[in-house]
Amino acid sequence: MPDSLWATLRERMRFHLGLAFLGLACGVWFPLASVLHLLLPARVGQRVGRRAIRFGFDRYLRWLSWIGACHFDLAAIDVLANERPLILVANHPCLLDAPMILSRLTDVACVMKTSLMHNPMFGGAARLARYVRNEPPVGMILCAVDNLRAGSHLLLFPEATRTVRAPLNAFTPSTALIAQRAGVPVQTLIIETDSAFLSKGWWVFRQPSMPIHYRVRLGERFEPTADVNAFTQRLEAYFTEALARADMPPPVPPKP
């Protein structure tokens, strides 16, 4: 068999093995999580849900690494495990961004689109973990602050959706508003990748070139300020500069 054909078959196998693992994990856990959400007390369910999500994402990323589909450099996140509550903000190049961060930290409240909370595949697990709905805005801010005051980290993507224009979408003021109200620092996380896989507009069954490289590194930590607009602009400018200096400049996402 020619080397080029063997390489193509190998990539195809990696891609489908990755999808198969995710499909199996979702098929087993998400229906169970929906039931547990109805049966368990809120605090117990939250703890079980967040631990299960960390375990599941950790195993999923390990599987992708083992089959040679992806290479992950996520060790920088580990130092946050024993930190006081922080607002973790990251750029959002693809669908793997949240799994990469949540695979390393146990007690994290993730801000999610409200529509995903009702998604038949993901909704049960998100509801069990008591993740934060992004609508209505006032409710999102109050729920986020409650999680921070209870001792959890908060994961937030200030672009509000996956990046559609390089290097970043315009930031929403949510991060500044939550930081101001909770009096909690904002820890930036810089996500780098050399592939547009699962970016906005990427069809989930479209096969990318493999292996794909991902790295999450710690950026600057910002203390909250009273000026929401200035804080938001400063945060966006920082990410723009950090991504310009990245070893893996953000790839251009395909048009939706």
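The values are calculated or read from the model by the stated rules, or taken from the named source; none is laboratory data. Note that this is a predicted model, so its numbers are computed, not measured. All Cβ positions, even for glycine, are placed from backbone atoms using ideal geometry, and neighbour counts span all protein chains on display. Protein only, heavy atoms only, side chains kept; ligands, DNA and RNA dropped before computing areas. Shrake-Rupley method; radii C 1.70, N 1.55, O 1.52, S 1.80 Å.
Observations, loosely collected:
- The simple spin-label model puts a point 7 Å past each Cα toward its Cβ; for residue 209 and residue 230 those points are separated by 4.6 nm.
- Axial C-alpha extent at least 27 Å, average Kyte-Doolittle at least 0.5 - helices from the chain (DSSP): 3-39
- Solvent-accessible ranking of 83, 11, 241, largest area first, probe 1.4 Å: 241, 83, 11
- Rounded to the nearest 10 Å², the accessible area of residue 40 at probe 1.4 Å: 50
- Across all Cα pairs in region 105-249, the calculated P(r) in 10 Å bins from zero up to the longest distance comes to 10, 36, 38, 15, 1 percent per bin.
- Area accessible to solvent at residue 43, 1.4 Å probe radius, in Å²: 140
- Share of alpha-carbon pairs per 10 Å distance bin for region 113-194, given as whole %: 15, 45, 35, 5
- Put a plus charge on the Cβ of each Lys and Arg, a minus charge on the Cβ of each Asp and Glu, and nothing anywhere else: the dipole of the chain about its Cα centre is then about 720 debye.
- From most to least packed by mean Cβ count within 10 Å, the peptides 188-196, 124-132, 137-145 give 124-132, 188-196, 137-145.
- Options (1) 1.10; (2) 1.01; (3) 0.97 - which one matches Cα Rg over 2.2 N^0.38 Å as calculated here: (2)
- Percent of beta bridges antiparallel (DSSP, region 103-238, rounded to nearest 5): 60
- Solvent-accessible surface ranking, highest first, for 107, 227 at 1.4 angstrom: 227, 107
- Residue ranking by accessible heavy-atom surface, 1.4 Å probe, largest first, among 247, 58, 78 comes out as 247, 78, 58.
- A Förster radius of 25 Å, combined with the Cβ-Cβ distance separating residue 161 from residue 24, puts the computed FRET efficiency at roughly 0.35.
- Difference of contour (0.36 nm per residue) and Cα-Cα distance, residue 241 to residue 9: 79.6 nm
- FRET efficiency, residue 248 to residue 39 (Cβ-Cβ, R0 51 Å, nearest 0.05): 0.70
- Packing rank of 201-212, 166-177, where each peptide gets the mean count of other beta carbons within 10 Å, highest leading: 166-177, 201-212
- Within the chain, percent of DSSP bridges classed antiparallel, to nearest 5: 30
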